[in-house]
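These notes are about the structure you will find just below.
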Amino acid sequence: MESVSCSAAPVRRGDMESQRDMSLVPERLQRREQERQLEVERRKQKRQNQEVEKENSHFFAATFARERAAVEELLERAESVERLEEAASRLQGLQKLINDSVFFLAAYDLRQGQEALARLQAALAERRRELQPKKRFAFKTRGKDAASCTKVDAAPGIPPAVESIQDSPLPKKAEGDLGSSWLCGFSNLESQVLEKRASELHQRDVLLTELSNCTVRLYGNPNTLRLTKAHSCKLLCGPVSTSVFLEDCSDCVLAVACQQLRIHSTKDTRIFLQVTSRAIVEDCSGIQFAPYTWSYPEIDKDFESSGLDRSKNNWNDVDDFNWLARDMASPNWSILPEEERNIQWD
């Protein structure tokens, strides 16, 4: 009897272990299936985003080409001030189209669009001069004549962002070579303190690229702001009317106020943020957010001109395009602890 009892015990233990293993199989399969579904959804979302951007790019290209051709025709046949004003109005529309498309346009396409806009602006200014009535000869001071010419060349009806294309080229020695004179910003600099005042920034597009260990202070109200390839930099910016875009940055500290914020391929960066929509991160890690705290004497005036609603701030409402699980927080971004928010801005 004892031999039978001893032999039966191992069998029962074996059966129990077998049953326990069988009970674990559905859990593993379920977890694997969930992971597979998440991956399928992630790829689907990425594909949809790519399709949307592709469609947006096609729409931009078609719309820009159509409006550009219309402006060129107006300028070629312009024989009255009314037709020039129509051309100026269409140029405003082209500038708005570029501003609204800055998020999804490739850098090359964005540059080509702005340079085409610059050429059209130059052509408009030239046609205005040609249509100006001939003045009768009179002895005038040289300074007064110069002031008169400046007033004619200003091309009324064009927004400041367009006027700056001609009037304020970047000093390459001080700000690096950005490849075009239409854009305001700094490039290819290391360990410097860089500043721009409100008069230089108002409703202009700002590009900051390839900066290392720099402190950048932008006092004023830009139209858009783009920061790329920055390392160990501190960026302090007044209210941006539309979009702020970060790409390929690391170990930076930023204070920005804007309508939209998108961060791509960036890591280990702290952002003190005022934003009226939802911020977006993609292919990022170690991003920390806190409320916007930078201030300077004229900031209230700049907020007013920017059109941003200061009472609305979604600084902690962030979408991560690489994290689709709704029941778990994304590991790629977090809230900066309050004890770590004491930043010396100056």
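The values are calculated or read from the model by the stated rules, or taken from the named source; none is laboratory data. Just so you know, these numbers come straight off a predicted model, no measurement behind them. In this analysis, Cβ positions are derived from the backbone assuming ideal geometry, glycine residues included, and neighbour counts consider all displayed protein chains. Accessible surface is based on the protein model in full, side chains and every heavy atom, while ligands, DNA and RNA are left aside. Shrake-Rupley method; radii C 1.70, N 1.55, O 1.52, S 1.80 Å.
Hey, can you find the accessible area per residue of the range 176-320 for me, probe 1.4 Å, expressed in square angstrom?
Details: 5310 Å² over 145 residues.
Spelled out: the 1.4 Å probe surface of the range 176-320, per residue, equals 37 Å².
Summarising the amide proton neighbourhood of TRP323: residues at separation of 5 or more, or on other chains, whose placed amide H is nearer than 5 Å comprise an empty set.
Net length available on complete extension from ARG66 to GLN344 is 95.1 nm, with 0.36 nm assigned per residue and the Cα-Cα distance removed.
One decimal place: the segment ARG129-ASN322 gains 64.1 nm when fully extended, by the rule 0.36 nm per residue minus the C-alpha distance.
Distance between the modelled labels on GLU304 and SER191, one decimal in nanometres: 4.3 nm (7 Å Cα→Cβ projection). A compact globular protein would have a Cα radius of gyration near 2.2 N^0.38 Å; the ratio found for the range 249-308 is 1.19.
Could you tell me the ratio Rg/Rh of the range 232-278? Both radii from Cα atoms, Rh via Kirkwood. The partial results should precede the final answer.
Details: Rg = 10.0 Å, Rh = 10.7 Å.
Expressed as Rg/Rh, it is 0.94.
Evaluating 6.51 cos²θ - 1.76 cosθ + 1.60 at θ = phi - 60° for every residue in the range 122-128, the Karplus couplings come out as 5, 5, 5, 4, 5, 5, 4 Hz, glycine and proline recorded as x. If R0 equals 35 Å, the separation of the Cβ atoms of LEU38 and ALA106 corresponds to a calculated FRET efficiency of about 0.75.
With no solvent and one point on each alpha carbon, what is the Debye value of log10 I(q)/I(0) for the range 197-346 at q = 0.12, 0.15 Å⁻¹? Treating every Cα as an identical point scatterer, log10 I(q)/I(0) equals -0.44, -0.70. Each residue was assigned an accessible area with a 1.4 Å probe, and for VAL81 the value is about 80 Å². Taking all protein chains as they are arranged and a probe of 1.4 Å, the heavy atoms of HIS264 leave approximately 40 Å² accessible to solvent. Could you pull out which residues in the range 277-293 have an amide N less than 18 Å from a spot 7 Å beyond the Cα of ILE335, following the Cα-Cβ vector? Flagged as within label range: 278-280, 286-293.
Extending 7 Å from Cα along the Cβ direction at SER311 and again at ARG31 yields two label points whose distance is 4.9 nm.
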